[in-house]
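Okay, structure first, notes after.
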Amino acid sequence: MLKIDAIHLREINMPLAHPFETSFGLTTGRRILLVEIESDGLTAWGECVAGEHPYFSDEMIDTAWIITETELAPRLLDAELQGGGSCPGLFRQVRGHRMAKAALENAVWDLKAQVEQVPLAQLLGGTRPVIACGVSIGIQPSVEQLMEKISTEVEAGYQRIKLKCKPGWDMQIFETVRARWPDITLSCDANSAYRMKDFDHLASWDQFNLLMIEQPLWYDDFYFHSMLQKRIKTAICLDESIRNRRDALAAIAMESCRIINIKVGRVGGFSEAIAIHNAAAERGIPVWCGGMLETGIGRAHNIALSSLPNFSLPGDVSASSRYWSQDIIEPAVTVSKKGEIVLPGTAGIGYAVQRDRIEALTVRRQTLRSKSRVLA
Ligand code: OSB
Ligand code: MG
């Protein structure tokens with residue numbers, strides 16, 4: 001049994017090495033909530049992937065902070081835990097706030113891996129010694145800059161290029177890219193930028209031989225995606241819409257998608273991520289691991305998750321240097337010329353968390369201990 005003695009919340013601010021633009025907005029720097037749990041002399045970290053604004057989902061760092069402080073941490077502090085799998089039950093009374101829940105649950109999984117002296121990937125059920133990496137390339141100020149970026153990433157060996165798109169930054173881009181790289185594995189991510197009036201337009205993208213179109217329609221929709229999937233040859237991949245295993249089952253049954261992007265934060269933690277992975281595997285639906293501009297801590301968690309067998313498509317888990325001039329783990333995450341990340345072999349997340357660096361980046365902190373428990 002594990003018992004958590006203290007939970008430390010902190011906000012760190014980190015400028016992105018390159019601004020990242022999606023159909024829902026531009027991010028130049030990240031405000032990130034990190035949680036650190038202490039148990040019997042061991043310490044483990046979790047990263048909350050909620051954004052600076054509630055634009056990708058309804059969570060943001062400030063809602064995650066208050067829910068963690070007032071609801072989730074108090075439940076975790078008094079509990080007797082078998083491991084990370086005990087968290088969903090503890091947190092069930094709190095509806096939603098999955099990114100906040102995931103940060104704590106994932107830290108508990110890391111703690112358990114340290115106690116058992118096994119790599120986190122092994123504890124999660126991972127089997128892959130290396131994972132296949134793709135990149136997500138944001139909307140650029142110009143087509144020339146986009147071509148430059150793609151060229152850099154293709155040269156670096158990444159196995160799949162995903163282009164963020166939106167009305168006005170789609171067809172012409174795909175045409176230009178395909179003219180230069182007819183054979184690369186290419187996909188796109190609309191982050192819900194299209195509507196029913198765009199169905200013919202979306203159907204015309206079949207000519208570009210995209211591996212998938214990610215989340216073209218509303219962030220909370222299955223039904224209209226299933227209508228669209230019937231109209232187009234290209235596979236739809238759902239990201240935002242899939243909050244849990246039931247959503248995955250519904251989407252698969254309705255044929256709303258043929259591929260699922262699993263983000264451990266979006267679905268509330270490793271337990272639910274594994275449940276979705278398994279449900280998809282049983283139904284022949286491949287999954288891949290999405291990214292949320294994570295620091296090394298969240299990135300290490302994504303790497304461990306990506307080692308599960310049905311993560312059979314390259315994910316959005318790429319090198320630290322694409323995001324940060326200096327990461328908060330050592331060594332930084334690197335990607336080989338073959339576009340792969342080698343799973344670390346040591347116990348826990350397999351990377352050393354750089355506490356000094358985190359201290360220097362911290363702008364807000366709070367510690368919660370067992371005796372401070374206040375529940376309604
Ligand atoms: O939809 O996959 C997305 C980043 C922030 C929010 C949403 C998304 C993304 C990415 C970037 O595509 C993935 C990454 O490189 O971390
Ligand atoms: Mg996406």
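Every read-out reported here was derived from the displayed coordinates using simple, explicitly stated rules and does not represent laboratory data. Only a predicted model underlies this, so the values are computations on that prediction, with no experimental measurement involved. Virtual Cβ from ideal backbone geometry, glycine too; neighbours counted across all protein chains shown.
Give the aspartates and glutamates reachable from Lys337 as a straight Cα distance under 14 Å; neighbours fewer than 8 places away on the same chain don't count. Reachable aspartates and glutamates: Glu153, Glu155.
Could you tally the net charge around Arg357, taking each other residue with its Cβ under 10 Å from the Cβ of Arg357, Lys/Arg +1 and Asp/Glu -1? Please list the in-between numbers first.
Values: positive: Arg355; negative: Asp327, Glu330, Asp356, Glu359.
Net charge around Arg357: -3.
For the chain, the longest principal axis of the alpha carbon atoms and the long axis of helix 143-156 meet at an angle near 60°. Taken about its Cα centre, region 49-102 carries a charge dipole of roughly 260 debye when the Cβ of each Lys and Arg holds +1 and the Cβ of each Asp and Glu holds -1. By the rule of a C-alpha distance below 23 Å, with chain neighbours fewer than 8 residues away ignored, the lysines paired with Lys263 are Lys101, Lys112, Lys162, Lys164, Lys166. Between the amide H of Tyr351 and any residue lying 5 or more places away or on another chain, no distance stays under 5 Å, with hydrogens modeled in the peptide plane. Helix 296-306 and the long axis of the chain differ in direction by around 70°, with both axes built from C-alpha atoms. With the dipole of the chain worked out from charges on the C-beta (+1 for Lys and Arg, -1 for Asp and Glu) around the Cα centre, which of Met147, Ala279, Leu186 lies farthest toward the positive end? Final value for the positive-end residue is Ala279. How big is the antiparallel share of DSSP beta bridges in region 161-252, given as a percent to the nearest 5? The antiparallel proportion sits near 10 percent. Computed from phi, the 3J(HN,Hα) profile of region 184-193 under the Karplus parametrisation 6.51, -1.76, 1.60 (θ = phi - 60°) reads 5, 6, 10, 9, 9, 9, 8, 6, 6, 8 Hz, with x in place of Gly and Pro.
Around the amide H of Leu163, modelled in the peptide plane, lie the amide H atoms of Ile137, Ser187, Cys188, Asp189, all under 5 Å away and 5 or more residues distant in sequence or on another chain.
Mind checking the dipole of region 191-298: about its Cα centre, +1 per Lys or Arg Cβ, -1 per Asp or Glu Cβ, Debye to the nearest 20?
Values: 12 positive and 13 negative charges, 39 e Å.
Charge dipole, region 191-298, about its Cα centre: 180 debye, nearest 20.
Placing +1 on the Cβ of every Lys and Arg and -1 on the Cβ of every Asp and Glu, with nothing else charged, gives the chain a dipole about its Cα centre of roughly 420 debye. Under the criterion of Cα pairs below 8 Å and six or more residues apart, the relative contact order for region 172-230 equals 41 percent.
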